[in-house]
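Take this structure, written in structure tokens, and hold onto it; I'll ask about it next.
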Amino acid sequence: MSLLGNRVRRIEDQAMLTAGGTYVDDLRLDGAAVAVFVRSPIAHGLIESIDPADALASPGVLAVVVGSDLDLGTVPNPVGGCPAEAGRPLLAVGRVRFVGEPVAVVVADHLHQATDAAEQVVVEYDPLPPVITLDQAASDEVLLFDEVGTNVVSSFPTAPGTADFSGCDVVVTQRIVNQRVAAAPIEARAAASRWDGDRLLHYASSQGAGVVKSHITEVYGIDHDLVRVVTPDVGGGFGAKGFPHPEELLIPDLARRVGRPVRWAETRTENLMAMLHGRGQEQNIQIGGTRDGDITAWRIAVRQDAGAYPSIGAALPGLGFFMLTGTYDLDNVEFSSTSLATNTTPMGAFRGAGRPEAAAAIERAVDLFAAEVGIDPAEVRRRNLVAPFSEPYHTAVGTVYDVGDYPGALERVLEAAGYDDLRAEQAERRQRGDRRVLGIGLATYVEITAIGGPEGSNEFGEIELRSDGSLVARTGSTPYGQGHDTTWAMIISDRLGIPIDRIEVVHGDTDLIPTDNVTGGSRSVQIAGSAMHDAAGRLADRAEAIAARLLEAAEADVTLDASTGRFHVVGTPARSVGWTEIADATDEPLSGLSQFTQAAPSFPFGAHCAVVEVDLDTGATTLVRLVAVDDCGSIINPLLAEGQVHGGLAQGIAQALFEQVSHDGDGNLLTANLADYTAVSAAELPMFERVEMQTPTPNNPLGAKGIGESATIGSTPAVQNAVVDAVSHLGVRHIDMPCTPERVWEAVRAAVG
């Protein structure tokens, strides 16, 4: 019986729930010193002087390092198109550009010594006017980088053409804010380094040990073979740990300076202040069509906050362009974007990275359009969704969707939610004049996953047969909560017939795994899982030759029965050999190696329905139900897919209702702890209702698409639409996220006078 498609419990959990995980900050390297960073208290200013004398004289202090002490390159930029003059140094040199930017670092024997000494480093600043808002940035009155000559760090020209609204009966225009949020992983950033002669051993809390290694070799200019990076257990990443931060990249230098291992782990306030933030878009949208509910024109102009140093954040609108038309059959469309530098924490990828922003814009626009023409938002979607397709579908901007049934997803979620009954209950409550009103919000979405270069997206996989008949599987993917060990073992077991408890999965060590990929963009099962599937097949092929010799048969006549894990001659299963006999018959390790490449990305899709109750007297919103259809193609393990959906729903709902990174006018972070940054907890969430749907992709042998980000993409606009829907009968047209009680109350008060 095949394991695939069954709810197999995670094999990782036994150790996690008993002995516990091993994270970077758990490592106690012999003789390790501790690093603590000195961070800028102002958003923008010139560094007049740095005096480390008192810190150097403090007990236990081994070194104080400032930017001018370094002879290293800037942080490598994983995306192109940004000005080289805006590159980020490992420590600020000459100027600081956001509150929390590291300007110096103290290394001491113990954490308390380094912390105390860091407070004694005297830094004199000459403050400059801070550029905090997008309007301030766009004015170019104050520049973050004088050499660039503008705060515009990248732009996307109007494409594919100019939308024509002249034939529309109805045109709706709206400014939408997709607010800045923090990834806030349970495990904050951490790193540790040790030099053994000229060779570096570096530990990273990362979404890819290989990419950390490639950044280190680039920054330090050292040979690839002289660096080993190990990523142990990782307590969450959500995109923000996709690429190493400057603090992490500096730890090897500090270890070399003091001649001892050095470790670093940030505080929660440092994490919220200095780890890459996500989202941060202003979207100016225009949608038009007929009074019958046909959408005939769609335009969006994006202004992206790139933060203080443009990198991944500046490129996020490009992913929005790919998904411009969403699930809708539209050809009269227009997109443009401008990314701007501001004196705030740099922006990066956060769960979905550009796709949630695109879905939020068009799904909010569809509801605005439906309200304007007076047609139920479900019916407007029915009229405009792309029809089901099994052959590639080309959108107006050239994105090629693999396979989809968007109307099917919508109908499934409407039926599961009892949509008509909810609308009837809503009408009854309104007629009674209830002060606690009901809101129903819909969203359909499609996203792009496993994005690669011109040749596609690839991953390394290797499976080796041990002498006792068990397997070790080496994968280029890096798990940080997804359950890769279980999933890869299931795939291998299904192909080879070896029980999953006899399969060890190894990852996160660049000495064992030659890859520099980042685990992100919902690529793991379809790329790394397919590599495991391919490697298992290659191992089976090699083993069949040995089995044929043992069975004294022609190789072409021997087959593997995956249900038993034994090889036999076709038609005569009574005489067979197993994997242990195969291992005994080989003089050297037998393995299957794969570098699987998926030529084209996949496009998961779905539909969400959110039901909320809003208290008109306080503005407080309670999420009552969230029904989700998330189609990720073939599902390897429904239990793990459900876990990914639940986590994604929680983060999407959190953005819609609670979370927002806030700065004051001087650039000071107002949400620097988990009391002020209201990360969601189980107490604010209902039990989610998941409706399964599987539309396999032809792009890989497993038929799998991504699932890690899908629920985050669909849930956010569904919940926002539900909140607006709850108070729409009072004349409320739009409420920006997060839909806090204050914002909802103010919107109601403004509408009713």
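The values are calculated or read from the model by the stated rules, or taken from the named source; none is laboratory data. Bear in mind the structure is a predicted one, so any value in this text is a computation, not a measurement. Ideal geometry is used to build each Cβ from the backbone, glycine not excepted, and the neighbour counts take in all protein chains shown. Side chains are part of the model used for accessible areas, which takes the heavy atoms of the whole protein and leaves out ligands, DNA and RNA. Shrake-Rupley method; radii C 1.70, N 1.55, O 1.52, S 1.80 Å.
Restricting the first residue to the range 486-511 and requiring it to be on the phi < 0 side of the Ramachandran plot, which pairs with a second residue that is among the basic types (Lys, Arg) and outside any helix (DSSP H, G or I) meet a Cβ separation below 7 Å and a spacing of at least six or different chains?
Short answer, once both residue conditions are applied: Thr486/Arg10; Val506/Arg474; Thr510/Arg228; Asp511/Arg228.
In the range 164-200, which residues are crowded, with 19+ Cβ neighbours inside 10 Å, aliphatic (A, V, I, L, M) and under 31 Å from the mean Cα position of the chain (by Cα)?
Ile176, Val181, Ala182, Ala183, Ala184, Ala188, Ala190, Ala191, Ala192, Leu200
Moving on to the next point. Would you check which residues across the range 613-628 are among the hydroxyl-bearing types (Ser, Thr, Tyr) and under 30 Å from the mean Cα position of the chain (by Cα) and list them?
Thr621, Thr622
Which residue pairs have Cβ atoms under 6 Å apart, sit 6 or more places apart or on different chains, and have a first residue in the range 740-753 that is without any contact (Cβ under 8 Å) to a residue 60 or more places away in the chain and a second that is assigned to a helix (DSSP H, G or I) and surrounded by 14 or more Cβ atoms within 10 Å (Cβ to Cβ)?
Going by the 6 Å Cβ cut-off, the qualifying pairs are Ala751/Leu730; Val752/Leu730.
Could you list, in sequence order, the residues of the range 141-163 that are surrounded by 14 or more Cβ atoms within 10 Å (Cβ to Cβ), without any contact (Cβ under 8 Å) to a residue 12 or more places away in the chain and over 31 Å from the mean Cα position of the chain (by Cα)?
Passing the criteria: none in range.
Any residue in the range 412-426 that is under 23 Å from Met693 (Cα atoms) sitting within a Cβ distance under 9 Å of a residue that is open to solvent by 50 Å² or more (accessible area, probe 1.4 Å) and part of a helix (DSSP H, G or I)? List the pairs, counting only those 6 or more apart or interchain.
Leu414/Asp420
Which of the numbered conditions does Asp434 fail, given that it passes all the others? Conditions: (1) open to solvent by 30 Å² or more (accessible area, probe 1.4 Å); (2) over 15 Å from Asp329 (Cβ atoms); (3) assigned to a helix (DSSP H, G or I).
Every condition holds for Asp434 apart from (3).
Would you mind listing the strands (runs of 3 or more DSSP E) fully within the range 39-121 where at least 1 residues are in contact with a Lys or Arg (Cβ under 8 Å, 6 or more places away or on another chain), more than 30 Å from Gly665 (Cβ to Cβ) and open to solvent by 40 Å² or more (accessible area, probe 1.4 Å)?
Filter on the range 39-121 gives 61-66.
Just to check your reading of the model, which residue among Ala672, Ala628 is of a type in the set (A, V, I, L, M) and part of a loop (DSSP other than H, G, I, E, B)?
Just one listed residue meets the conditions, Ala672.
Related question: Can you say whether Leu319 is surrounded by fewer than 24 Cβ atoms within 10 Å (Cβ to Cβ), at negative phi and touching a His at 6+ places or on another chain (Cβ under 8 Å), as far as the supplied structure shows?
no
For residues that are assigned to a helix (DSSP H, G or I) and out of contact with any strand residue (DSSP E or B) (no Cβ under 6 Å at 6 or more places or on another chain), scanning just the range 270-294, find the one that is most open to solvent (accessible area, probe 1.4 Å). Even if it seems obvious, please write down each step before you answer.
Restricting attention to the range 270-294, the residues satisfying the condition of being assigned to a helix (DSSP H, G or I) are 270-274.
Then drop every residue that is not out of contact with any strand residue (DSSP E or B) (no Cβ under 6 Å at 6 or more places or on another chain), which leaves 270-271, 274.
Values: Glu270: 29, Asn271: 4, Ala274: 1 Å².
Only one residue fits best here, namely Glu270.
Of the conditions (1) hydrophobic (A, V, I, L, M, F, W, C); (2) modelled with pLDDT of 95 or more; (3) out of contact with any strand residue (DSSP E or B) (no Cβ under 7 Å at 6 or more places or on another chain); (4) under 30 Å from Leu551 (Cα atoms), Leu640 fails just one. Which one is it?
(4)
Whether any residue in the range 392-414 is part of a strand (DSSP E or B), at pLDDT 95 or above and closer than 25 Å to Ala722 by Cα is what I want to check.
no
Need the failing condition index for Leu539 against (1) over 25 Å from Arg351 (Cα atoms); (2) crowded, with 22+ Cβ neighbours inside 10 Å; (3) in contact with an Asp or Glu (Cβ under 7 Å, 6 or more places away or on another chain), just the number.
Answer for Leu539: the failing condition is (3).
Counting only residues that are polar (S, T, N, Q) and open to solvent by 20 Å² or more (accessible area, probe 1.4 Å), which one in the range 337-393 is farthest from His277 (Cα to Cα)? Talk me through it step by step, then tell me what you get.
We begin by selecting, within the range 337-393, every residue polar (S, T, N, Q); these are 337-339, 342-345, 384, 390.
So of that shortlist, the ones also open to solvent by 20 Å² or more (accessible area, probe 1.4 Å) come out as 338, 390.
Numbers: Thr338: 18, Ser390: 37 Å.
Looking at residues that are polar (S, T, N, Q) and open to solvent by 20 Å² or more (accessible area, probe 1.4 Å), I get Ser390.
Can I ask one more? Which residues, taken from the range 563-615, are open to solvent by less than 10 Å² (accessible area, probe 1.4 Å), aliphatic (A, V, I, L, M) and more than 30 Å from Ala548 (Cα to Cα)?
Matches in the range 563-615: Ala607, Ala610, Val611, Val612, Val614.
How about the range 691-723: which of its residues are crowded, with 24+ Cβ neighbours inside 10 Å and among the hydrophobic types (A, V, I, L, M, F, W, C)?
Ala704, Ile707, Ala711, Ile713, Ala718, Val719, Ala722, Val723
Do we have any residue at all in the range 482-498 that's more than 19 Å from His202 (Cα to Cα), among the small types (Gly, Ala, Ser) and assigned to a helix (DSSP H, G or I)?
Let us first name the residues in the range 482-498 that are more than 19 Å from His202 (Cα to Cα), namely 482-498.
Retained after the next criterion (residues that are among the small types (Gly, Ala, Ser)): 483, 489, 493, 497.
Among the residues that remain, those that are also assigned to a helix (DSSP H, G or I) are: 489, 493.
Yes.
Give the range 324-344 a look and list any residue that's under 23 Å from the mean Cα position of the chain (by Cα) and closer than 15 Å to Ala359 by Cβ, or say none. It would help to see each step written out before you state the result.
Here is the first cut: in the range 324-344, the ones under 23 Å from the mean Cα position of the chain (by Cα) are 324-327, 337-342, 344.
Correct list: Leu324, Thr325, Gly326, Thr327.
For the range 452-469, which residues satisfy the criterion of being surrounded by 17 or more Cβ atoms within 10 Å (Cβ to Cβ) and in contact with a Pro (Cβ under 9 Å, 6 or more places away or on another chain)? Spell out the reasoning first.
Start the filter on the range 452-469 by keeping residues that are surrounded by 17 or more Cβ atoms within 10 Å (Cβ to Cβ), which leaves 452, 457-465.
Those that are surrounded by 17 or more Cβ atoms within 10 Å (Cβ to Cβ) and in contact with a Pro (Cβ under 9 Å, 6 or more places away or on another chain): Gly452, Ser457, Phe460, Glu464, Leu465.
Picking from Leu550, Leu512, which residue would you name as being of a type in the set (A, V, I, L, M, F, W, C), open to solvent by 40 Å² or more (accessible area, probe 1.4 Å) and assigned to a loop (DSSP other than H, G, I, E, B)?
After ruling out the rest, the residue left standing is Leu512.
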